[in-house]
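Some notes on the structure that comes next.
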Amino acid sequence: MKRIYISCLMATGILLLTSCMKDWLDREPRTILTDEQVWNDTKQIVALLANFYDRIPSETGLGDVNDGADGRLFQWRNMANYDEAMWSGQSNEDGRNNITSYGFGSWYLWNYTYIRDINLALENIEKYGVSLTETAKRQYIAELRFLRALNYFDLVKRMGGVPLVTTQLIYDYSGNVTNLQTPRAKESEVYDFIAAEVDAIKDVLGNAGSTTRANKYTALALKSRAMLYAGSLAKYNSLMPAPITLPGGEVGIPASMANSYYQKALEASKEIINGGPYTLYKNNPDAGENFYEAVTKKANNKEVIFVKDYLLPTRKHWFSYDNIARGIREDNLGSSSIAPSLNLVESFEYKDGSNGALRTRNAANTDYIYYNNVADIFADKDARLYGTIIYPGSSFKSLSVSIQAGVMVWNAGRNAYDVVEGSDLGTTYTDGKLLTGTSGPHRSIQEVSNTGFYLRKYIDPNDKTSTRGVQSDVWWVWFRLGEIYLNAGEAAFELGLTGEALTYINALRERAGFGVNSLTTLSIERIQNERRVELAFEDHRLWDLKRWRLADKVWNGNVSNPDAMVYALYPYRVIRPGDAARDGKYVFVKMVAPRIRAPRFFQLGNYYTQINQGVLNNNPKIINNPFH
Amino acid sequence: MNRILSLYMPALLLFMLMIGCKKDNFEKPAALLSGRVVYDKEAVGLRSNGVQLELWQSGFELFSKIRVYVAQDGAYSASLFDGDYKLVRLRGNGPWVDNTDTIDVKVQGNTVVDVPVQPYFLVRNNTIEKSGTTEVKATFSIQRIADGRALESVSLFVGRTNIVDAVNNQGSAVVSAGNIPDLTAPVTITMNIPAGLAGQAAFYARVSVRTAGVAEQIYSQPVKIE
């Protein structure tokens, strides 16, 4: 009996063992997801898409990312590299004030890792995504193609024509790689690719109403901008004394193509303006606050089309900590890094349409103009100035920002003013009144404005958001309706439809506090200035100057060129007892910002970034850009 | 024991450091390649560090160009190892006619190689002097060397040091080509001495010619003005 029992036990044991054996080495892995699992699970596909959205490159942004190899570019500090602003933060970044010339490798992007990831996703979703509904599948594919088109736009505006790779490249171990070496496409072909992709996917993209995932109007916004770039490249490159071209067309679009590109830009823009669910943000009756909210406020914002969103408490960035005005910072460190330039401030016109240069000296240039209040010099300026920049006399979060460089004391013996500036911030002069404001400006202290201005755009209005512990969740705007109006206006103007262009430009100006139909004539310079003030700090200035072929003229590296240097405006309180017309008033001094060491210098070789030698060595079919 | 250790350990460490260094240090390059960028055996005046030549050497794993910047008097130099190099005049880089013919350079010890270029224009017979107490006056003639590109402008630059050019200056005056009716006649530019130089005992000045569509300009040699 006992023996039977034992042999039974052994038999079951053997059975168990052998049955186990069968799939012992064939188990489902617990830490690896298979292609079948990923491409049939909408949650995982969306997670992957989130990764791709997160990797969209941008020259400036609100984050602190600069991985050129992977193409993850999103570096807010780059806002201080051009003529919109300078660096006033920690002095170890002062190189941004001393860029003797932009390197030929500046703005380099060659993120084919990203393109490969998207191509791989496109092929796998077709191959493995069997249980997805057809609509869902088409929509994901459209979304991936949008991201790829957007990335090709980011490549072409930096590098010129790049290899158009739209499938996965697989090495066949034959020892021959020539079939994997794609030559550069023509610059125009890349723009045509973007337009064709947008046309193919725009009606398949779902996500209606979403501002963080691409929908029909996001794709059209990309087309609107890309076609405008292509049109102006075609036109303005050909107007150069010696157009920048390569014999194969990798760089340089023929002037004859300009009109068709402008036409496409206008059509795409009109489709968004007339057919889209967007309206210019006008929720706040105060034009200045309204413009600030148009970019920054999330609630009921019908203006933004596509953003990179953040959400406290986990999805956040340091931008407000690093850039809030010094006197109202909530942390004991940080603040003031990006200091807007006087150059930008002066490009905001007066509301009567006159040139925006600030009036600091009387007509004969014999004396200062004396202002009763420090903010009076900015009276009647374009309201977008208030919405973009904190200037002397303005406030933020209902706290007034104290901006005063020092005092000017009349010296009767010398018949001139003695300029007295505080060695520290928030100091008091011997008369018991303010010497240097708590927000500067100061010539040398770090983390205080060097120009006399602070950023308002993108600074979080909520409590404690400029502390390291809380941080900010203001979103970054990729596309908004304001830009589409400007795209439409510029394209219409270039096509000779000035009347139509005026309606778009005037609509934006009206929102900025100008009268109805404030412009009756238009010039390209006006449109250029309008873009500069409307889209300041939104990653447009560099690319706009490049496509208009103005960058080498505006930033010509000459210290005596006021456009190439970054200027500051220092307010002083006048002490001149016995002269009631001047005593206690405010005067302003324009000067080159003290921390600026070198003018901005953009050379002809900067119009198209140099391609790395490693890329050329790997693929002999690729030729380098002109001047490199 | 402790005493012996404390005495000999530092000496031992020092000795190890000394022999350790020897092992993986490379020889530094001993040869010097130098020369000038010349037209008609005469060095051309340029912007300080504005123009680069490139040197290539094949046969090594790392294939990357060596940039050689040219000084404002047209001279250049590079410390190299002995060997065969290819010297290339980068297209569109200097103020001269593109010429991508490679110059083979054999570097052995100190080697001097002049790089011939063909500028579009040259500045000739320039005189720059003070006119009165507040003005600088430059007179020079423009010589066309190569056809194919138009003249864009001529400029006068003044600066505190003898490195004076479109980037390094205290002030400048530009006359665009439209205001120069006759290219063969001498051109005169006058400008006020900028405030930053008014009190100086001496300053430097240069004139330049800009060719349309070419970023860099051809300069005269700097002139000291007292």
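Since every read-out is calculated from the coordinates, none of them should be taken as a lab result. Values in this document were obtained by computation on a predicted structure and should not be read as measured data. Cβ sites come from the backbone with ideal geometry, for glycine too, and all protein chains shown count toward neighbours.
What does the convex hull of the Cα atoms of chain B come to per residue, in Å³, rounded to a whole number? Could the numbers behind the result be given before it?
Numbers: hull volume 43.7 nm³, N = 226.
Each residue corresponds to 193 Å³ of Cα convex hull volume.
Overall dimensions of segment A:373-508, expressed as equivalent-ellipsoid semi-axes from the Cα gyration tensor (√(5λ), whole Å, largest first), are 39, 23, 12. Counting, for every residue in A:97-105, the Cβ atoms of other protein chains within 10 Å of its Cβ and taking the mean gives 1. Annotation for A:Glu93 and A:Asp309: the two label points, set 7 Å from Cα along the Cα-Cβ direction, are 2.7 nm apart.
Extending 7 Å from Cα along the Cβ direction at B:Val175 and again at A:Leu519 yields two label points whose distance is 3.8 nm. Per residue of A:240-249, other chain Cβ atoms within 10 Å of the residue Cβ number 2 on average. Sequentially through segment A:303-315, phi angles give Karplus couplings (6.51, -1.76, 1.60; θ = phi - 60°) of 8, 6, 9, 8, 9, 9, 8, 10, 8, 5, x, 9, 8 Hz, Gly and Pro residues having no value and appearing as x.
Going by the alpha-carbon gyration tensor, a ≥ b ≥ c the square roots of its eigenvalues, is segment B:31-116 rounded (a/c under 1.5) or, if a/c is not under 1.5, prolate (a/b greater than b/c) versus oblate? Prolate, because a/c is 1.5 or more and a/b exceeds b/c.
The residues packed around A:Gly276, meaning those with a beta-carbon under 14 Å from its beta-carbon, carry a net charge of +1 if Lys and Arg are +1 and Asp and Glu are -1. Using the Stokes-Einstein relation with a Kirkwood hydrodynamic radius computed over Cα pairs, the translational diffusion coefficient of chain A at 25 °C and a viscosity of 0.890 mPa s comes to 91 µm²/s.
Cβ-Cβ distance of B:Gln143 and A:Arg361, R₀ of 45 Å, FRET efficiency by 1/(1 + (r/R0)^6): the value works out to about 0.50. In this structure the amide hydrogen of A:Phe479, modeled in the peptide plane, comes within under 5 Å of the amide hydrogens of A:Ile305, A:Phe306, none closer than 5 places in sequence on its chain.
Subtracting the Cα-Cα distance of A:Glu28 and A:Ser7 from their residue separation scaled by 0.36 nm leaves 4.2 nm.
Label zone of B:Thr100 (point 7 Å out along Cα→Cβ, amide N under 16 Å): in segment A:174-188 this covers A:184. The relative contact order of segment B:31-116, computed from alpha carbon pairs under 8 Å that lie at least 6 residues apart in sequence, is 40 percent.
Considering all C-alpha pairs of segment B:121-225, those separated by over 25 Å amount to 16%. Other residues with beta-carbon under 14 Å from the beta-carbon of B:Lys130 carry, at +1 per Lys or Arg and -1 per Asp or Glu, a net charge of -1.
How long are the semi-axes of the equivalent ellipsoid of segment A:364-409, taking √(5λ) for every eigenvalue λ of the Cα gyration tensor, in whole Å from largest down?
On the way: eigenvalues 102, 47, 12 Å².
Listed largest to smallest, the semi-axes of segment A:364-409 are 23, 15, 8 Å.
Put a dot 7 Å past the Cα of B:Asn110, heading toward its Cβ, do the same for B:Asn25, and the two dots end up 2.4 nm apart. Full extension of the segment from A:Val419 to A:Thr42, taken as 0.36 nm per residue of separation minus the current Cα-Cα distance, would add 129.0 nm.
For chain A, give me the percentage of DSSP beta bridges that are antiparallel, rounded to the nearest 5 percent. Here the share of antiparallel DSSP bridges comes out near 90 percent.
Averaged over the residues of peptide A:604-613, the number of Cβ atoms from other protein chains lying within 10 Å of each residue's Cβ is 2. Computed over segment A:86-172, relative contact order equals 36 percent, with contacts defined as Cα pairs under 8 Å that lie 6+ residues apart. So how tilted is helix A:481-494 from the main axis of chain A? Cα-based, degrees 0 to 90, rounded to 10. Approximately 80 degrees, to the nearest 10. Estimated from helical segments only, the mean residue ellipticity of the protein assembly as shown at 222 nm is -9000 deg cm²/dmol, where each DSSP H run of four or more residues counts as -39500 (n - 2.57). Residues in segment A:174-185 carry Karplus couplings, in order, of 8, x, 10, 10, 4, 6, 9, 8, 9, x, 5, 6 Hz; the curve used is 6.51 cos²θ - 1.76 cosθ + 1.60 with θ = phi - 60°, and Gly or Pro positions show x. Work through the residues other than B:Lys65 whose Cβ is under 12 Å from its Cβ and net out their charges, Lys, Arg +1 and Asp, Glu -1. Net local charge, B:Lys65 excluded: +1. Using Cα centres only, tell me the gap between segment A:112-131 and segment B:98-122 in whole Å. Taking the Cα centre of each part, segment A:112-131 and segment B:98-122 sit 51 Å apart. Once the Cα atoms are used to define both axes, helix B:2-24 deviates from the longest principal axis of chain B by about 50 degrees. From the square roots a ≥ b ≥ c of the eigenvalues of the alpha-carbon gyration tensor of segment A:119-198, which class results: rounded (a/c under 1.5), prolate (a/b over b/c), or oblate? Since a/c reaches 1.5 but b/c is at least a/b, the shape of segment A:119-198 is classed as oblate. Around the Cα centre of segment B:31-116, unit charges on the Cβ atoms of Lys, Arg, Asp and Glu (plus for the first two, minus for the last two) sum to a dipole of about 200 debye. For segment A:53-93, list residues with backbone N below 20 Å from a point placed 7 Å from the Cα of A:Asn462 toward its Cβ? Under 20 Å, as judged by backbone N against the label point of A:Asn462, lie A:62-64 of segment A:53-93. Over 25 Å apart at the Cα level, from the set A:Lys282/A:Lys308; A:Lys43/A:Lys216; A:Lys43/A:Lys302, are A:Lys43/A:Lys302. Pairs of Cα atoms nearer than 8 Å and 6+ residues apart set the relative contact order; for chain A it is 18 percent. Segment A:528-590 and segment A:216-238 have Cα centres separated by 29 Å.
Couplings 3J(HN,Hα) for segment A:336-349, derived from phi with the Karplus relation 6.51 cos²θ - 1.76 cosθ + 1.60 (θ = phi - 60°), are 6, 4, 8, 9, x, 8, 5, 3, 5, 4, 6, 7, 6, 6 Hz, where x marks Gly and Pro. Quick check: residue separation of A:Ser398 and A:Ala200 times 0.36 nm, minus the Cα distance between them. What number comes out in nm? Taking 0.36 nm per residue and subtracting the Cα distance, the gain is 66.4 nm. At a Förster distance of 56 Å, what's the computed FRET efficiency of A:Leu333 paired with A:Ile623, Cβ-Cβ distance as r, to 0.05? Computed FRET efficiency for A:Leu333 and A:Ile623 comes out at 0.70. Could you work out which residue, out of B:Gly196, B:Gly35, B:Gly94, moves most in a Gaussian network model of chain B, that is, has the largest mean-square fluctuation with Cα springs under 10 Å? Among B:Gly196, B:Gly35, B:Gly94, the largest GNM mean-square fluctuation belongs to B:Gly196. Springs join every pair of Cα atoms under 10 Å in this Gaussian network model of chain B, and among B:Asp40, B:Asp104, B:Asp82 the largest mean-square fluctuation is at B:Asp40.
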